[in-house]
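Participant: Below is one structure. I have some questions about it.
The values are calculated or read from the model by the stated rules, or taken from the named source; none is laboratory data. Everything quoted here is computed from the prediction, not taken from an experiment. Here the Cβ positions follow ideal geometry from the backbone for every residue, glycine too, while neighbour counts run over all protein chains shown.
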Amino acid sequence: MTWHTDYLVMNTKQRYEIADITDDVARIVADAKVREGMVLVSAMHITASVYVNDHEPGLWSDMMTWLEGLAPAKPDYKHRLTGEDNADAHLKRSLLGHQVMLPITRGKLDLGPWERVHYAEFDGRRPKRIVVKVFGD
Amino acid sequence: MTWHTDYLVMNTKQRYEIADITDDVARIVADAKVREGMVLVSAMHITASVYVNDHEPGLWSDMMTWLEGLAPAKPDYKHRLTGEDNADAHLKRSLLGHQVMLPITRGKLDLGPWERVHYAEFDGRRPKRIVVKVFGD
Amino acid sequence: MTWHTDYLVMNTKQRYEIADITDDVARIVADAKVREGMVLVSAMHITASVYVNDHEPGLWSDMMTWLEGLAPAKPDYKHRLTGEDNADAHLKRSLLGHQVMLPITRGKLDLGPWERVHYAEFDGRRPKRIVVKVFGD
């Protein structure tokens with residue numbers, strides 16, 4: 001059994017931003033040299049998401065607009081009393097999910113035709129980590 | 001360590017539909033013949049969900065109504081500019097989640113009394129795959 | 001390969017309640033004595049969530065208020081026709097998610113600085129189980 005742990009560091013230019021990280025994950029999976037296995041991709045900061053969906057900038061924009069509608073940035077969260085202005089980011093991250101497990105079959109990510117792994121940042125402009133942990137044989 | 005990978009093909013009659021796939025997953029788990037392990041069940045198409053909740057048609061109807069309220073089918077998504085009319089399906093799938101990991105203990109799915117695995121389709125009437133990957137000893 | 005399965009029993013005083021279960025999970029991980037591995041933490045009842053987010057009571061209150069806004073307790077769900085009054089709990093659990101997978105690296109939970117595992121109960125005041133299953137080497 002092989003265990004291979006790596007980390008991606010994200011530092012987005014915008015406070016809210018979506019990035020496709022599939023190629024970065026695939027590179028780490030290739031490094032692990034497993035034929036059958038899985039890889040966990042999980043945001044280590046609690047104001048960001050990792051999810052699988054379409055690589056399509058129009059949809060990325062739709063998703064951000066939609067998340068803002070369901071979990072708006074506004075001043076009246078109780079979390080604000082701690083001095084934090086990112087309560088909406090904690091909620092948006094919960095809506096979209098913070099981790100995915102991807103199967104590895106015959107040495108490659110076993111993804112559907114349109115499945116791409118994305119990172120969604122809701123409180124960016126500073127370095128934040130994603131853990132990418134592969135296991136398999 | 002055993003790795004056992006199988007795929008389910010769903011082809012729903014309706015565009016929006018919920019199906020209980022627990023027995024299909026249990027059959028694949030039985031095929032894998034592991035005593036301790038886990039099984040990943042993950043939708044390979046990005047307009048469908050896999051989730052664990054109640055097998056109750058009234059609740060299934062409630063869930064679809066609720067998802068339509070939070071992520072409505074409507075014409076003004078930017079994703080529409082690519083010619084696609086299924087932006088709502090991408091959002092609904094994100095809300096409900098697209099994968100689950102089920103524990104296998106003493107040779108069986110280790111589920112609570114009411115836990116059932118479901119497939120939720122938001123852009124159906126064509127064949128779509130679910131990967132079911134078992135690992136264990 | 002080590003497989004170690006344990007269960008937490010939650011019995012909240014309130015119908016709706018959030019609890020930090022990170023220390024309980026860490027104790028079970030320590031019992032499993034694996035150096036590299038993962039742990040699945042999954043609610044076995046379908047009206048509760050397990051999620052990773054901030055340990056901050058103001059945010060917990062914000063989350064419950066927000067979930068009530070998106071998936072309100074109200075009498076007109078079809079699920080009500082079965083005699084159940086907890087349809088909102090099924091929906092809230094779906095929004096927040098019901099399970100997480102945590103990496104174990106060099107013998108410890110490999111979490112970000114603010115990541116804490118929480119249990120969210122939406123139909124409490126009775127014993128409910130969480131499965132905590134560790135695997136690794």
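Participant: I'm told A:S94 meets every condition in (1) among the small types (G, A, S); (2) out of contact with any Phe, Trp or Tyr (no Cβ under 9 Å at 6 or more places or on another chain); (3) closer than 23 Å to A:K128 by Cβ; (4) free of Cβ contacts under 8 Å to residues at least 40 places away in the same chain except one. Can you identify the failing condition by its number?
Facilitator: So the condition that A:S94 fails would be (2).
Conditions tested, residue by residue: (1) among the acidic types (D, E); (2) part of a loop (DSSP other than H, G, I, E, B); (3) touching a Pro at 6+ places or on another chain (Cβ under 9 Å).
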site: A:I28; (1), (2), (3): no, no, no
site: A:V34; (1), (2), (3): no, yes, no
site: A:L59; (1), (2), (3): no, no, no
site: A:D62; (1), (2), (3): yes, no, no
site: A:W66; (1), (2), (3): no, no, no
site: A:G69; (1), (2), (3): no, no, no
site: A:D76; (1), (2), (3): yes, yes, no
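Participant: Then there is this: Search segment C:61-85 for residues being away from chain A (no Cβ under 14 Å) and of a type in the set (S, T, Y), and hand back the single one that is surrounded by the fewest Cβ atoms within 10 Å (Cβ to Cβ).
Facilitator: C:T82
Participant: Counting only residues that are in a loop (DSSP other than H, G, I, E, B) and either farther than 27 Å from B:D88 by Cα or at pLDDT below 95 (or both), how many does segment A:36-53 have?
Facilitator: Looking only at that region, the number is 3.
Participant: Among the residues of segment B:24-60, write down those that are more than 16 Å from B:V117 (Cα to Cα) and either within 11 Å of chain A (Cβ to nearest Cβ) or in contact with a Phe, Trp or Tyr (Cβ under 9 Å, 6 or more places away or on another chain) (or both).
Facilitator: Matches in segment B:24-60: B:A32, B:V34, B:R35, B:E36, B:G37, B:H45, B:I46, B:T47, B:G58.
Participant: Further, regarding this structure: Does B:E121 satisfy the criteria of being of a type in the set (D, E, K, R), within 22 Å of B:T12 (Cβ to Cβ) and under 19 Å from the mean Cα position of the chain (by Cα)?
Facilitator: yes
Participant: In this structure, is A:D88 more than 8 Å from every other protein chain (Cβ to nearest Cβ), of a type in the set (D, E), closer than 28 Å to B:A48 by Cα and surrounded by 20 or more Cβ atoms within 10 Å (Cβ to Cβ)?
Facilitator: Against the criterion (more than 8 Å from every other protein chain (Cβ to nearest Cβ), of a type in the set (D, E), closer than 28 Å to B:A48 by Cα and surrounded by 20 or more Cβ atoms within 10 Å (Cβ to Cβ)), A:D88 qualifies.
Participant: With closer than 21 Å to C:L70 by Cα and surrounded by 16 or more Cβ atoms within 10 Å (Cβ to Cβ) as the only criterion, which of A:L8, A:L96, A:L111 stands out?
Facilitator: One residue alone meets the criteria, A:L96.
Participant: Additional query: Could you list, in sequence order, the residues of segment A:114-137 that are surrounded by fewer than 19 Cβ atoms within 10 Å (Cβ to Cβ), more than 13 Å from chain B (Cβ to nearest Cβ) and charged (D, E, K, R)?
Facilitator: If the condition is that a residue be surrounded by fewer than 19 Cβ atoms within 10 Å (Cβ to Cβ), more than 13 Å from chain B (Cβ to nearest Cβ) and charged (D, E, K, R), then A:R125, A:R126, A:R129 are the ones that fit.
Participant: Taking the stated definitions as given, is A:Y51 without any contact (Cβ under 8 Å) to a residue 12 or more places away in the chain and either more than 16 Å from the chain's Cα centre (by Cα) or within 17 Å of C:Y51 (Cβ to Cβ) (or both)?
Facilitator: Against the criterion (without any contact (Cβ under 8 Å) to a residue 12 or more places away in the chain and either more than 16 Å from the chain's Cα centre (by Cα) or within 17 Å of C:Y51 (Cβ to Cβ) (or both)), A:Y51 does not qualify.
Participant: Of all residues in segment C:91-113, count the ones that are more than 10 Å from chain A (Cβ to nearest Cβ), hydrophobic (A, V, I, L, M, F, W, C) and within 18 Å of C:H4 (Cα to Cα).
Facilitator: Residues in segment C:91-113 being more than 10 Å from chain A (Cβ to nearest Cβ), hydrophobic (A, V, I, L, M, F, W, C) and within 18 Å of C:H4 (Cα to Cα): 1 in total.
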